[in-house]
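Notes follow once the structure below has been shown.
The values are calculated or read from the model by the stated rules, or taken from the named source; none is laboratory data. Everything numeric here is computed off the predicted structure, so don't read it as measured data. FYI the Cβ positions are ideal-geometry reconstructions off the backbone, even for glycines, and counts take in every protein chain you see. The accessibility values were calculated without ligands, DNA or RNA, using every heavy atom of the protein model including side chains. Shrake-Rupley method; radii C 1.70, N 1.55, O 1.52, S 1.80 Å.
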Amino acid sequence: LSHPEVLTYHRWALGCATEPPFRTLADIAKTLNHTHIDILKVDVDGGEYLSFPTIFGPNASHHIPIGQVQLEIHPVPTYVNKNSRYETDRRLVARLFDALSWSGFEIF
């Protein structure tokens with residue numbers, strides 16, 4: 001999918017893994033020569049808990065200004081009984097929002 005006059009689609013996945021298609025945000029920005037991000041929209045089906053520490057918080061590996069983050073949060077798979085139900089791990093969610101807050105973002 002590519003419409004060069006308005007957009008180019010890249011088959012990359014945001015993450016902290018080093019194997020394709022996973023790429024860090026810093027690597028993607030460097031490849032595309034981006035110096036800032038106006039809006040970062042993230043829907044990574046549970047991968048936000050692994051990828052966000054590389055983007056936000058004291059251990060962030062990038063230095064790219066981001067204006068706004070739109071984030072979809074998914075439950076963290078935690079087996080809680082024999083029926084394999086899923087429950088959100090509140091500690092990971094709290095760490096995610098702490099990292100966003102540390103980076104100067106507010107929930108609105």
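Apart from one condition, E19 fits all of (1) modelled with pLDDT of 85 or more; (2) open to solvent by 40 Å² or more (accessible area, probe 1.4 Å); the exception is (1). If you scan region 19-68, which residues turn out to be in contact with a helix residue (DSSP H, G or I) (Cβ under 8 Å, 6 or more places away or on another chain) and β-branched (V, I, T)? Passing the criteria: T24, T35, I37, V42, V44, T54, I55, I64. Please work out if L50 is modelled with pLDDT under 85, more than 27 Å from E106 (Cα to Cα) and open to solvent by 40 Å² or more (accessible area, probe 1.4 Å). No: the conditions fail for L50.
Mind listing just one residue for me: the one in region 61-83 that is modelled with pLDDT under 80 and hydrophobic (A, V, I, L, M, F, W, C) and, of those, least open to solvent (accessible area, probe 1.4 Å)? Spell out the reasoning first.
Going through region 61-83, the residues modelled with pLDDT under 80 turn out to be 61-63, 74-83.
If we keep only those that are hydrophobic (A, V, I, L, M, F, W, C) too, we end up with 76, 80.
Details: V76: 20, V80: 73 Å².
Per the stated criteria, the residue is V76.
Among the residues making up region 33-47, those that are of a type outside the set (V, I, T) and surrounded by 11 or more Cβ atoms within 10 Å (Cβ to Cβ) are H34, L40, D43, G46, G47. For region 84-108, the candidate set comprises residues that are of a type in the set (D, E, K, R) and in contact with a Gly (Cβ under 9 Å, 6 or more places away or on another chain); within that set, the residue that is modelled with the lowest pLDDT is R95. Evaluating P58 against the criteria (1) open to solvent by 80 Å² or more (accessible area, probe 1.4 Å); (2) part of a loop (DSSP other than H, G, I, E, B); (3) free of Cβ contacts under 8 Å to residues at least 40 places away in the same chain; (4) under 21 Å from L92 (Cβ atoms) leaves one unmet condition, (3).
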